[in-house]
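What follows draws every value from the coordinates through simple rules; no lab data is involved. Here the structure is a predicted model, which means the values were calculated and not measured. Methodologically, a virtual Cβ is constructed for each residue, glycine included, from the backbone with ideal geometry; neighbour enumeration extends over all protein chains shown.
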Protein chains: 2
Amino acid sequence: MSWVTGAAGSLFDLDNLPYGVFSYAGQEPRVGVRIGDFVMDASAVAAYGGDPGDGPHLAEVWSRPSLNPFLALGREAWDIARDWLIEVLGNDVHEPRTAAHLIPLDRVTLHLPFEVADYVDFYASVQHATNVGRIFRPDGEALTPNWRHLPIGYHGRAGTVVVSGTPVRRPVGQGRPGAGEARPAFGPSRRLDIEAELGFVVGVPSTQGDRVPASAFADHVFGVTPLNDWSARDIQAWEYVPLGPFLGKSFATSISPWVTPLAALEAARVDLPAQDPEPLEYLRVGERAGFDIAYEVLLNGEVVSRPPYAAMYWSPAQMLAHLTVNGASLRTGDLYASGTISGDERDQRGSFLELSWGGSEPFALSDGRARTFLEDGDEIVLRATAPGVLGGRIGLGEVTGKISPS
Amino acid sequence: MSWVTGAAGSLFDLDNLPYGVFSYAGQEPRVGVRIGDFVMDASAVAAYGGDPGDGPHLAEVWSRPSLNPFLALGREAWDIARDWLIEVLGNDVHEPRTAAHLIPLDRVTLHLPFEVADYVDFYASVQHATNVGRIFRPDGEALTPNWRHLPIGYHGRAGTVVVSGTPVRRPVGQGRPGAGEARPAFGPSRRLDIEAELGFVVGVPSTQGDRVPASAFADHVFGVTPLNDWSARDIQAWEYVPLGPFLGKSFATSISPWVTPLAALEAARVDLPAQDPEPLEYLRVGERAGFDIAYEVLLNGEVVSRPPYAAMYWSPAQMLAHLTVNGASLRTGDLYASGTISGDERDQRGSFLELSWGGSEPFALSDGRARTFLEDGDEIVLRATAPGVLGGRIGLGEVTGKISPS
């Protein structure tokens, strides 16, 4: 447990240690490590006494305004860095020289933690895909014939990925023509929604033309960040045939300011749900390919859903193998997300589309008001926690966003 | 006309002056301007006597290994730069000090000319969309109900955009299960294809939440580059419902090494074909919103198609307005492409999918061999030319790619 005041037993103890980018007192943004309710100025501490482990130049890469240079170093450097952080923040002999570089969280500005290279969004929850299929295509099969054979995904807009706390302006766009109308509807989206997801952050690139096997997941992927894939369902429903979602998604995607390394999720690894039919060979993974991460979706402070990541059908290692099976290369900063996390129960659905069944079944808040989609001024918070190796839980950071008018 | 040997009257005379990134003799890559069959080392020439026009620091931005810093300067700087280039390469008083910085094209290496931020691919040819609809969905309407109301688009993979000349490895992936088979097909794509397109390169960014009107097209878009959106039709056909193309496209997209500024296309501007129904207000454009650019598609040196860009239904200004109508922001280096260019005639189709009608109508080459999709070792060249302001034609650079085995 950490010697840092308030960290021991919290969601941000030594078994977590996520990375972000912060600025403080008018200085340039640089890498920070969260411990309790403090941010450790990582490069300032690493600069003492040379680089840890005689290896990676951590003081240098941590002085940069994004995690990308650190992410590019690879697994061995990530492990050295983590061991060193556990020593520095766990052994109180380091307190005297380190305490001055701990800044209270409420005094820093948190920035987008990495430069997003390509952003891919998957569709890996069988419950979510089934719900959406039933709502959007009530006369057809809920799951398309390909769904159980491959993790369906598509590219999203990397340039509009924003850090938690960034306001989200209600998008304007076209929707289906109304009954008897020849022209499409046009105006502010009336079916603005969230998608509670988990994002995976790629550190180590690959070569174009080569495949990355599922077994190399932890060599390429550095860590995870909760993600809210804001979605305008009316825009999406009109535009998505035949080339997929575009403006219904591209206006904003929010991520946590914190990227939690895979190493912090060792105690959260669980078996995947059974996959039937057995996937093709390049998509096979072993035991404990899933993650037990518990989500809470809060609307204006009230929990409206508790999506369970452990229910996801496709694992992130399978998504990675699929993403690259055609020779598509990875770059440092690539972000790929799980798709909406939904469980079997109604109160485990990770979107308002599902919670309100396409708007046809409003759900009640504690104030008695019936809700379907997002209203101006609504604030969404995604919280995600997982078992930590110290026996408690670790926090993956919150993803918040408030809707501003068009 | 230019004093540079061989440039006058060529496809790369003073009315063209496209920009690229080259390296030579082991030096770092930097910006070059093509004139005739030479590359002018732009920063070396700009460094004489201060910056042109007392304005932009062209010697500095042109010393960089990508066009992005120059692209970010904006319209006024682009115009100053062009006027200066026309003076330097058009007035032979500049020959003595400039000639030493002209390097024969066959002695340089050409690089990807800009760092691609987000890549969006549209679907703007009514002939192409109709052909594909008939081939992929023979029992339904060829055009989806949204097609004439908005320029359909989707995000592609920015990280696999490569410069002309880069070999393209045949992708591996899943296809539909064969007749009587429960499991998907898996292996090297058997329906590897091209898409002859035009790419638009964004220079000036926009703010997230704001729209970019169609009228601001030339304030944000710097120029154009021909583009080959390589496509694996068997992978695409199996994966694309419901979220659109993914691995069928993401393995490679090739662009010309040259980005031709919009200013060079003034004589190529033409009216769009009639749009019926009239688009919504944010998608309205005036006269001369189209471009008369003639393509040739060569397979192993033989012209197999001549797609006419002038036939495109949606203009690039409309694509830009649509891309941002929801508040999605632009970044310097964003690339958006037209989608396959196909004309009314069979020999104007910009993909082998259409030329061979889904493989069912092989077309003959001059050696008598019947062809459908790409074979290993095939080399594709896209050539594009347009009327120039000097009365001749300008070249947009070639996009070449050779298929290597899986």
Roughly speaking, what is the centre-to-centre gap between segment B:312-331 and segment B:209-258 when only Cα atoms are used, to the nearest Å? 12
How high is the relative contact order of chain B, in percent, with contacts defined as C-alpha pairs under 8 Å that are six or more residues apart? 21
Specify the angular offset, from 0 to 90 degrees and rounded to the nearest 10, of the alpha carbon long axis of helix B:75-90 from the longest principal axis of the alpha carbons in chain B. 60
Provide the convex hull volume over Cα atoms per residue for segment B:223-284, in Å³. 162
Which cross-chain or sequence-distant (5 or more) residues have an amide H under 5 Å from the amide H of residue B:371, H modelled 1.01 Å from N in plane? B:363, B:364, B:365
Using a Gaussian network model on chain A with a 10 Å cutoff between Cα atoms, which of A:68, A:16, A:146 fluctuates the most? A:146
Can you compute 3J(HN,Hα) from phi for each residue in segment B:27-41, using the Karplus curve 6.51 cos²θ - 1.76 cosθ + 1.60 with θ = phi - 60°, rounded to whole Hz and x for Gly and Pro? 7, 5, x, 8, 6, x, 10, 7, 9, x, 9, 10, 10, 8, 6
Rg and Dmax [Cα atoms of segment A:251-406; Å; Rg one decimal, Dmax integer]: 17.4, 52
Going residue by residue through segment B:394-406, the Karplus relation 6.51 cos²θ - 1.76 cosθ + 1.60 with θ = phi - 60° gives ³J(HN,Hα) values, rounded to whole Hz and with x marking Gly or Pro, of 10, x, 9, x, 9, 10, 10, x, 10, 7, 9, x, 4
Counting only residues 5 or more places away or on other chains, whose amide H sits under 5 Å from the amide H of residue B:378 once H atoms are built in the peptide plane? B:403
Pairing the Cα long axis of helix B:126-136 with the longest principal axis of chain B, what angle in degrees results, from 0 to 90 and rounded to the nearest 10? 30
Test item: A:269-280 mean partner chain Cβ contacts at 10 Å: 1
Inverting the mean 1/r over all pairs of different Cα atoms, compute the Kirkwood radius of segment A:139-213 and quote it in Å. 17.6
Checked against the positive end of the charge dipole of chain B (+1 on Cβ of Lys and Arg, -1 on Cβ of Asp and Glu, about the Cα centre), the farthest of B:138, B:321, B:215 is B:138
Taking A:84-94, B:322-332 and ranking on average Cβ neighbours within 10 Å, highest first, one gets B:322-332, A:84-94
For segment A:225-236, in residue order, the Karplus 3J(HN,Hα) values (coefficients 6.51, -1.76, 1.60; θ = phi - 60°; whole Hz; Gly and Pro = x) are 8, x, 8, 10, 8, 3, 9, 9, 5, 6, 5, 4
Any idea what % of Cα-Cα pairs in chain B are farther than 26 Å? 53
Using the Cα centre as the reference, give the magnitude of the dipole from point charges on the C-beta atoms of chain A (Lys, Arg: +1; Asp, Glu: -1; all else neutral), rounded to the nearest 20 debye. 1040
Rg and Dmax of segment A:120-167, Cα atoms only, in Å: 14.0, 39
Other-chain or far-sequence residues with amide H under 5 Å of residue B:305's (modelled H): B:297
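Once the Cα gyration tensor of segment B:19-111 is found, what semi-axes does its equivalent ellipsoid get, as square roots of 5 times the eigenvalues, in whole Å, sorted largest first?
19, 17, 11
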How long are the semi-axes of the equivalent ellipsoid of the protein assembly as shown, taking √(5λ) for every eigenvalue λ of the Cα gyration tensor, in whole Å from largest down? 43, 33, 25
Lysines within cross-link reach of residue B:249: Cα-Cα under 30 Å, excluding same-chain residues under 8 positions apart? A:249, B:402
Shielding of A:243-255 by other chains, given as the mean Cβ count within 10 Å, works out to 6
Please average, across the residues of B:141-149, the number of beta carbons from any other chain that are within 10 Å of each residue's own beta carbon, and give a whole number. 4
In whole Å, what is the distance between the alpha-carbon centres of segment A:72-124 and segment B:150-192? 37
Based on the alpha-carbon set only, what is the convex hull volume of segment A:318-406 divided per residue, in Å³? 212
